[in-house]
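Peer 1: Before we start, here is the structure in question, set down as structure tokens.
Just so it is clear, none of the values below were taken in a lab; they were calculated from the coordinates. What you see is a predicted model; the values in this text were computed from it and never measured. Heads up, the Cβs are rebuilt from the backbone with ideal geometry, glycines too, and the neighbour counts pull from every protein chain shown.
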Amino acid sequence: MSFAIFESLFGSKARARLIRFFILNPDTDHTSADIAEKTLLPRVEVSRELLRLKKMGFVKELSRKKIRSYQMHPTFPFFPELKSLVSKSNVNVPNQIFQKLRLVGEVKLILISGLFLNHVKGKADMILVINNVHRTKLQAVIAKLEAEIGRDIRFVLMDAEDLHYRLNMLDRFLIEFLEGPYQEIINRVPELKRFISGLKK
């Protein structure tokens, strides 16, 4: 299932993003302002959709010290089915979304796993190898990606020199990542290709 189909299924981008957000963060409560910031949606739109989701029993409203917050309702009957839909749509994230990372520096490598491949045991969702990274631009792109995905992305950032060092040291984290399910979005590191071939022997 693609992002576009997921949005069409629920009638709007805002509603789809909020559903994804609560499904992937079911055990924590958030104010409408916090939700608007994380989903990059207008506050008024978030408030409108929260009211609808509350009426259908999807979220519950909490109040602490006169501050209202919202959380996924634990007894919502279609939670398992919606979680399955969200997982399927995350596995089919269009590559174009990751291409935005090209704008943040000299991109050598983008590998995805974890959330993007429904690999719950993965320690990272993404490995980025970027030379001369523009950190402000990177932060903006990651925020946009997290808003669309619905959850914080666990990523590891390094430059080509750091990657070379890790490969020579047989870095355990890197080996475990490469031994698990992952997908290449960009790979311009010939030595990594040889390293991966060695792991498969």
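Peer 1: Please work out the Cα center distance from the range 13-35 to the range 174-193, rounded to the nearest Å.
Peer 2: About 32 Å separates the Cα centre of the range 13-35 from the one of the range 174-193.
Peer 1: Moving on to the next point. In terms of the Cα gyration tensor, with a ≥ b ≥ c the square roots of its eigenvalues, is the chain rounded because a/c is under 1.5, prolate because a/b exceeds b/c, or oblate?
Peer 2: In terms of gyration-tensor shape, prolate.
Peer 1: With the Cα gyration tensor of the range 95-200 giving a ≥ b ≥ c as the square roots of its eigenvalues, does the rule (a/c under 1.5 for rounded; else a/b larger than b/c for prolate; else oblate) give rounded, prolate or oblate?
Peer 2: Numbers: a/c = 1.93, a/b = 1.26, b/c = 1.53.
Because a/c hits 1.5 or more and a/b fails to exceed b/c, the range 95-200 counts as oblate.
Peer 1: Report the calculated FRET efficiency for Ile153 and Leu51 (r = Cβ-Cβ distance, R0 = 30 Å), to the nearest 0.05. Please report the intermediate quantities before stating the final value.
Peer 2: Details: r = 29 Å, r/R0 = 0.96.
FRET efficiency, Ile153 to Leu51: 0.55.
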